[in-house]
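Please treat every number below as a calculation from the coordinates, not as lab data. Everything numeric here is computed off the predicted structure, so don't read it as measured data. Every residue, glycine as well, gets a Cβ built from its backbone with ideal geometry; the counts of neighbours run over all protein chains shown.
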Amino acid sequence: MSTTEKKYAEDYTLQELLVAAAAREIKDREVVFVGVGIPCLGALVAKLTHAPDVILAVESGCIGPSPYRLMLGIGDNACVENAICITSLWRAFSDQQRGYFDIGMLGGAQVDKYGNLNSTVIFGGGSYEKPKTRLPGSGGANDIAISAKRTLIMMNQQKRRFLEKVDYITSPGYLDGPGCREKYGYPGGGPAVIISNMAIFRFDEKTKEAYLDSVHPGVTAEAVRKEVSWDLQVSPDLKTTPPPTNEEANIIRTLDSQKVYTGGGLKNLTFENYIKMLNSSHEKIKVMFE
Amino acid sequence: MSTTEKKYAEDYTLQELLVAAAAREIKDREVVFVGVGIPCLGALVAKLTHAPDVILAVESGCIGPSPYRLMLGIGDNACVENAICITSLWRAFSDQQRGYFDIGMLGGAQVDKYGNLNSTVIFGGGSYEKPKTRLPGSGGANDIAISAKRTLIMMNQQKRRFLEKVDYITSPGYLDGPGCREKYGYPGGGPAVIISNMAIFRFDEKTKEAYLDSVHPGVTAEAVRKEVSWDLQVSPDLKTTPPPTNEEANIIRTLDSQKVYTGGGLKNLTFENYIKMLNSSHEKIKVMFE
Amino acid sequence: MKEEDTKKSLDKRMTLREAISKYVFDGCSIAFSGMGGEQVVAPTYEIVRQGQKNLTLMGDSPCEVGDYLVGTGQIRRVEVAWLAFAVAGVSPNYRRAVEEGLPHKIEVREFSNYTMGLRFLAGAMGLPFMVTRSLAGTSLEKYNDMIKVIEDPYGGKKVALVPAAKPDVAIIHANRADILGNTQFIGFSSNGENIARAAARTIVTCEKIVSTDEIKKAPTLTSVPQYAVDAVVEVPFGSHPWNMPYAYAYDLPFHMKMMAGIDTADGFKRWMDEWAFGCKDHEEYCEKVGWARLKKLAQIERKFCKSKL
Amino acid sequence: MKEEDTKKSLDKRMTLREAISKYVFDGCSIAFSGMGGEQVVAPTYEIVRQGQKNLTLMGDSPCEVGDYLVGTGQIRRVEVAWLAFAVAGVSPNYRRAVEEGLPHKIEVREFSNYTMGLRFLAGAMGLPFMVTRSLAGTSLEKYNDMIKVIEDPYGGKKVALVPAAKPDVAIIHANRADILGNTQFIGFSSNGENIARAAARTIVTCEKIVSTDEIKKAPTLTSVPQYAVDAVVEVPFGSHPWNMPYAYAYDLPFHMKMMAGIDTADGFKRWMDEWAFGCKDHEEYCEKVGWARLKKLAQIERKFCKSKL
């Protein structure tokens, strides 16, 4: 055990731990429908570590890129870089609906115990038409939630975000519980995991409810339960989330040297530093792929 | 008039006249969905004479080829030659359904007065399941008949082929007459012309019935009426079909020097003569396109 | 001019100003290509300059074109899947419009990216609607009367239907096109090839106008054939600050500056004064951004992705 | 082996004999790519050699594969748009089967090329059915219970529906593929990309196996990505006597010889004895045709169409 432990980075940040946690949800040779941010970085880390033959796919229609840089969006040029197939949005989603995509990545402003996600509107006393907070909407999330074989959800851990029932179901988890996805013939299996800034949740096979499976280092189960609105079940075999390895941390810091995804780097990003990040990423990542 | 007449070839064959007649139905800049045989050759002749900016399209998914040879099928390599767009079958047909294709070309074993075509089964006392003669079936004909803006029909003139009602409607003309196409929301306008080995028929705007518009040189209206099963109307302004011009005849003989489409050349085609035909066509047609 | 005539023209070139003023009209429905990149930005600024009103925007995930035209009050209704700026941030004008009715209320009909893609596919195919496994059982179905759920006539489970999208005008931005309108994306096409066909009138803007011979060298790249196009406009850097595959990298720092600029209603007005009305056309916009900066973005992109075309 | 495992294999190469015997089974439904060219001929001869029975053929306009397998009695049912040999002639075995029940009766469900294409598109998209403007009001609708006509739920006129085609096995013949299964047509793809996806198991035969690096040089050409493919077989001249774009010209004289050969039931049997059972594999078939002749067909094609790949 000690030799394994030694590989872990000592100076990692919470964001880096989340990237690594997302990366480990991905198995080699899987097809991963990636979005923007932490999970996308996780997919790149997976590809550069334990899952070299993972196939990334994005909504704009790019399949299987091996980019030498961070993907800054689902239609960033990084998505066409060394791709095995470049096609259209409708075709990529159709391939997902056909059942070819193993894992999709989702986020939202609210999640409930059945893994239903809201990224559309926070009513906040108002209504759909006149909400307190208008969010961006589904994008491809509804489609991913319905058709990816399984989904990974990334959320901020707050009681007002982990709800008994979300205001609006943008992306269905298990809807009202067991049997609901089958009723509508959803091709995909539903959510497999929620990764928050405090913990990792998985879903009970029978009840379809999210339970606490792992707490991040330094976090207690009790602290997590306080930030969840339903009566959260805890795994009898509660784990502690392993930190990123040195290798993972190194890749994360190379791809995102300006902390666009893994820190507050975005707001003060200068053109000079941005070009510098691209240049150094090109140099260093190229070597890793070859 | 005499200067115009002089252009006409003197030693033309009936097949060549049919090619020229088909070519003249095509206007410049139109999109033409072509099949195999005489009409296809007509489309190539049109492109090399009065309609240089015509766009040929074929079912395999090739759009806008400018081949230096005869197209021997809807998926022949000639169809990809100098094409502006190469895509899929479903996309080519979808573009037709969307309304982009001006003219489609059809043939069949039976036609009726409303331009309905049968290329599926001749009952001959039998039934659909157990017919006297089984024909190849629709292919793309049903789709072309429904969605091309107008269609050109090519038929052998025989009483048993020009019927009051066809055994089986593979490709709808005007179905049972005025208003029928509208009922089903067919995107295309229906048949514009029938070219037979004896005459040219067009369709009455009101009754939607085919009438005799032009007889080929040496053919009388009476002779045509004998080979039609319904009470054929004759245009008060009955014309004589003009023969191919020297230019048209020259192109036809270059493209089809072995008379694959325009004579009995197919049955005895040797490999040597076939390669010779391709070689000479390449040389001579290339010059015409440039 | 009749649709027939413009789609059959042998030279469809015009300026961006001409194309927009000819085909974008008050009260029209409009759609744009692009998905998380390849956004149609330069035409958006031109529509702001020209001020067409009461627009219905049909789109999957429009960025500038959604946020800006909502902010200027030119949009009356949106049929979209998502409205924001991806990594750069959320859509401040969309939020103001929905939450506070500023500058005025807008109608919203929400779909997902895929089902908007299917709506354009149906439009492109001349079909009335398309089937999908998405939407049924979710709040999108509940709050959107354009989505219908039926029993599968072939004996299966429930399936959702979405109606064809047939905008009056589409503007798609591609890598290259010839003067006839044959249009090629060297990278992904998002929903571009279907949006182009779904619309009654189609404006192609492109990074570069090339000869038809160049088009014929890579005919499988032609996503939109000439018969679906009404106008062709050469607009280099037409997606800036977004990326264009095989052409230039994303200008994320510029985008962040823009996001800070348009955060408030006043700020948005100032940004429009400076970047839309303050530039008489896209060329002036590029000058203002700085040709050296744009060139750098093209240069760095060549390091990562080189096209053989 | 589970579908998951074969589709995720990193080396999908096998011989044609292995691929056919592994995935084509008695009673299965099967589909092939090609349209008026690019026909899947070599695998057809191999299926004749192996003798799988009670097949259901789903196809748009199959040529050898339809006529031969009907003639050998291996087909029980066809769902097709057309069955013949285009310029070369009609389909003698299909005629014998329908008109005389020889060698036995077959079930026939008829569609059109487009609507078979839509059936494969629906299968490829994981949808239960597809809408079309074709078919309604014609005899195809009347004699085929798989076609349904409904009122458009969006208030329009009648529209026809066709059910998804989901064959057990698909065999598509393309220009090139890598060992992972990434498949590229350099010319048209007919319905190939959808047939490949519609099937549970997909065999790609190709003129040439190339490196993944070669595939990545033209990623927009990849019509079928590796995740949709179970087996990859290199079969040069796999479409002979048909043409293959950018590879070899149509061998029309050979086709005419074949047509004369199979005109009668006895003749057909002799032809099979000679060209299917008389050759142990496709290599022997090519030798019998003559490598010099095949080379000539490739040579003449390069004169007309040169690919940069």
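Give me log10 I(q)/I(0) at q = 0.10 Å⁻¹ for the protein assembly as shown, Debye formula, one equal scatterer per alpha-carbon, no solvent. Relative scattering, expressed as log10 I(q)/I(0), comes to -1.32. Its residues counted as N, region D:1-152 yields a C-alpha radius of gyration over 2.2 N^0.38 Å of 1.12. For chain B, the list of Cys residues with no other Cys C-beta under 4.7 Å reads B:C40, B:C85, B:C180. Using the Cβ-Cβ distance between D:T264 and D:A200 with R0 set to 41 Å, the FRET efficiency works out to roughly 0.65.
With a 10 Å cut-off around each Cβ of D:74-84, the average count of Cβ atoms from other chains is 3. Ranked by the mean number of other Cβ atoms within 10 Å of their residues, highest first, the peptides B:230-239, A:56-65, A:239-248 fall in the order A:56-65, A:239-248, B:230-239.
For D:K142, the distances from its label point to the matching points in the remaining copies are 4.9 nm, ordered from shortest, with each point set 7 Å beyond Cα toward Cβ.
How much of the DSSP bridge set in chain C is antiparallel, in percent, rounded to the nearest 5? Around 35 percent of the beta bridges assigned by DSSP in chain C are antiparallel ones. Just the number, please: Stokes-Einstein D of region D:1-68 in µm²/s, Kirkwood Rh from C-alpha pairs, 20 °C, 1.002 mPa s. Value of D from the Cα-based Kirkwood radius: 163 µm²/s. For chain A, the antiparallel share of DSSP beta bridges with both residues in that region comes to about 45%. Between the amide H of D:R13 and those of D:V232, distances stay under 5 Å, these residues lying 5 or more places away or on another chain, with hydrogens modeled in the peptide plane.
On the basis of the beta-carbon distance and an R0 of 51 Å, C:K208 and A:E247 show a calculated FRET efficiency of 0.75. Contact order, relative form, for chain D: 19 percent (alpha carbon pairs under 8 Å, 6 or more residues apart, mean separation divided by residue count).
Look at the stretch C:244-250: the mean tally of other chain Cβ atoms within 10 Å of its residues' Cβ atoms is 5.
Using the alpha-carbon positions of region C:129-200, Rg (one decimal) and Dmax (whole number) come out as 16.7, 49 Å. Remark on D:S190: its backbone amide H falls under 5 Å from those of B:L89, a criterion applied only to residues 5 or more positions apart or on other chains, H modelled at 1.01 Å from N. Local charge for A:V224 was computed over the other residues whose Cβ lies under 11 Å away, with Lys and Arg +1 and Asp and Glu -1, and equals 0.
If you bin all the Cα-Cα distances of region A:139-290 at 5 Å, starting from zero, the percentages per bin are 2, 8, 14, 16, 14, 14, 14, 10, 7, 3, 0. In the elastic network of chain D, a GNM with C-alpha springs shorter than 10 Å, the most mobile of D:E46, D:E99, D:E234 is D:E99. Most tightly packed first, judged by the mean number of other beta-carbon atoms within 10 Å of their residues, the peptides A:251-257, D:150-156 read A:251-257, D:150-156.
The order of the peptides A:137-150, B:158-171, D:160-173 by mean Cβ neighbours within 10 Å, most packed first, is A:137-150, D:160-173, B:158-171. Note on D:V90 and B:K226: their simple-model spin labels are 2.6 nm apart, each label 7 Å out from Cα toward Cβ. Pairwise Cα distances in region C:80-206 exceed 21 Å for 53 percent of all pairs.
Pairs of C-alpha atoms in chain C farther apart than 27 Å represent 41 percent of all such pairs.
Which percent, nearest 5, of DSSP beta bridges in the protein assembly as shown are antiparallel? Restricted to the protein assembly as shown, the bridges split so that about 40 percent are antiparallel.
Each Lys and Arg contributes +1 and each Asp and Glu -1, all at the Cβ; summed about the Cα centre of region A:7-289, the dipole is approximately 380 debye. In nanometres and ascending order, the distances from the C:G278 label point to those of the other copies are 8.3 (point 7 Å from Cα along Cα→Cβ).
Once the gyration tensor of the Cα atoms in region A:1-146 is diagonalised, the equivalent ellipsoid follows with semi-axes of 28, 22, 13 Å, ordered largest first. Per-residue ellipticity at 222 nm, computed for chain A from helices alone with -39500 (n - 2.57) per DSSP H run of at least four residues, works out to -8000 deg cm²/dmol.
Subtracting the Cα-Cα distance of B:N273 and B:T133 from 0.36 nm times their residue separation leaves 47.0 nm of extension gain. Computed from the Cβ-Cβ distance with R0 of 35 Å, the FRET efficiency linking B:K284 to B:Q158 stands at 0.45. For the segment D:138-148, counting C-beta atoms of other chains within 10 Å of every residue's C-beta and taking the mean gives 5. Label separation (C:E100 vs C:F25): 3.6 nm, computed from points 7 Å beyond Cα along the C-beta direction. Annotation for D:G27, label-to-label distances across the other copies: 6.4 nm (shortest first, one decimal, point 7 Å from Cα along Cα→Cβ). When the trypsin sites (Lys or Arg not before Pro) in region C:259-309 are filtered for DSSP coil states and for at most 15 other beta-carbon atoms within 10 Å of their beta-carbon, the remaining sites are C:K280, C:K306, C:K308. In chain D, helices alone account for a calculated mean residue ellipticity at 222 nm of -10000 deg cm²/dmol, with every DSSP H run of four or more residues adding -39,500 (n - 2.57). Mean projected area of the convex hull spanned by the Cα atoms of chain B, taken over all viewing directions: 16.1 nm².
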